[in-house]
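Report on the structure given below.
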Amino acid sequence: MNRRESLQSLGLAATALMFPRIGDGASPATASQFRFCLNTSTIRGQQLGLKNNIDIAARAGYDSLELWVDNVKHYVNEGHSLSGLSRYIRDTGLEVANAIGFAPWMSDDENISNNGLMQMKEEMEMMASIGCTRIAAPPAGDFNDPGIDLFRAGEKYRRLIELGRQTGVMPQLEFWGSSEVLYHMGQIMMMAAVADDPDVRLLPDVYHMYRGGSGFESLKMLQGHSIEIFHMNDYPGNTPAEKLTDADRVYPGDGHAPLETIFADLKAMGGMKYLSLELFNRSYWEQDALQVAKTGLEKMKKFI
């Protein structure tokens, strides 16, 4: 089944998440509030270590962080404590808005999926100990069937939400534009509808929405609470979408994404939104990390 054929099956997409937009924008009382977040992937290539990444986010003026689970595990394996890390983050004035992990919870192999759910629970508990209340839930792992059953996947996501309530770290359902199985906004909207849970949360990304062919009009369908984390970046216009890689991401406003419209739709949703700068640009990794972080924040703020 190719992508075009598989998308024909998405007619059931998430009516529970649809939001009837009235007028051209939200009133001041209902408009979204924004906080600015640094995903440490943006300065990952400088290899400065977890504490230095935290310091850079604070010095650059961010409100919050997205930490990678593997970096936190590495920090602990070096002999440091999670309680000490929690104090360190708190002393900077930052919060950990979200964690990035890659447990294979959505695998079509039930044994792998069950192990992935156990891994997610362990990682949720670890991140809870440093004050993090969210974790990304992407389509990580190997899949035997590119034509994934979105009903089964939605049921697994519901199980993941239950683990989130137990641990206090809620899973943010994410798709990857280059994934063979979960690459489109419509797919996670359907999974959210199947999960049928008030704690459903979606994690879109400018790059992935373009890379996987989602477009951006679906943002107009969503209620404010459906999105709490939004990955900010941009993409060049001189490369076909299917040829782009993560390394092609650029600062917001330096590419061809319709960011004015995206920000207007996010604002009109209502609710709190963490705008998280997530870049993997190798040329940025060769630059001063603090300057990269500051530049990204300045470029995001231009759109608010």
- Message: Tell me yes or no: at least one residue of the stretch 235-257 is within 25 Å of S32 (Cα to Cα), part of a loop (DSSP other than H, G, I, E, B) and in contact with a Ser or Thr (Cβ under 7 Å, 6 or more places away or on another chain).
- Response: yes
- Task: Within the stretch 262-295, work out how many residues are farther than 23 Å from Q172 by Cα and either touching a His at 6+ places or on another chain (Cβ under 6 Å) or in contact (Cβ under 8 Å) with a residue 12 or more places away in the chain (or both).
- Result: 11
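Looking at G131, G141, G101, which one is under 19 Å from the mean Cα position of the chain (by Cα) and buried (at least 20 other Cβ atoms within 10 Å of the Cβ)?
G101
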- Note on the structure: Taking the stretch 109-155 and keeping residues aliphatic (A, V, I, L, M), out of contact with any helix residue (DSSP H, G or I) (no Cβ under 8 Å at 6 or more places or on another chain) and assigned to a helix (DSSP H, G or I) leaves I112, M118
- Message: I'd like to check something: does the stretch 86-93 contain any residue that is farther than 24 Å from T42 by Cβ, in a helix (DSSP H, G or I) and not acidic (D, E)?
- Response: yes
- Query: All but one of (1) within 25 Å of T40 (Cα to Cα); (2) touching a residue at least 24 places away in the same chain (Cβ under 8 Å); (3) within 16 Å of the chain's Cα centre (by Cα) hold for I188; which doesn't?
  - Reply: (2)
- Filtering the stretch 160-171 for residues that are part of a strand (DSSP E or B) and surrounded by fewer than 22 Cβ atoms within 10 Å (Cβ to Cβ) leaves a count of 1
- Filtering the stretch 54-85 down to residues that are surrounded by 16 or more Cβ atoms within 10 Å (Cβ to Cβ), touching a residue at least 60 places away in the same chain (Cβ under 8 Å) and assigned to a helix (DSSP H, G or I) yields I56, A57, A60, V69
- Query: Looking only at residues in the stretch 222-245 that are free of Cβ contacts under 8 Å to residues at least 60 places away in the same chain and either exposed (fewer than 14 other Cβ atoms within 10 Å of the Cβ) or among the acidic types (D, E) (or both), which one is farthest from G186 (Cα to Cα)?
  - Reply: N238
- Query: Of all residues in the stretch 273-304 being surrounded by fewer than 16 Cβ atoms within 10 Å (Cβ to Cβ) and touching a helix residue (DSSP H, G or I) at 6+ places or on another chain (Cβ under 8 Å), which is farthest from G49 (Cα to Cα)?
  - Reply: I304
- Query: Has the stretch 206-219 got any residue that is more than 18 Å from the chain's Cα centre (by Cα), in a helix (DSSP H, G or I), among the basic types (K, R) and modelled with pLDDT of 95 or more?
  - Reply: no
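The values are calculated or read from the model by the stated rules, or taken from the named source; none is laboratory data. These figures come from a predicted structure and were not determined experimentally. Here Cβ is always computed from backbone atoms with ideal geometry, including for glycine, and neighbour counts include all displayed protein chains.
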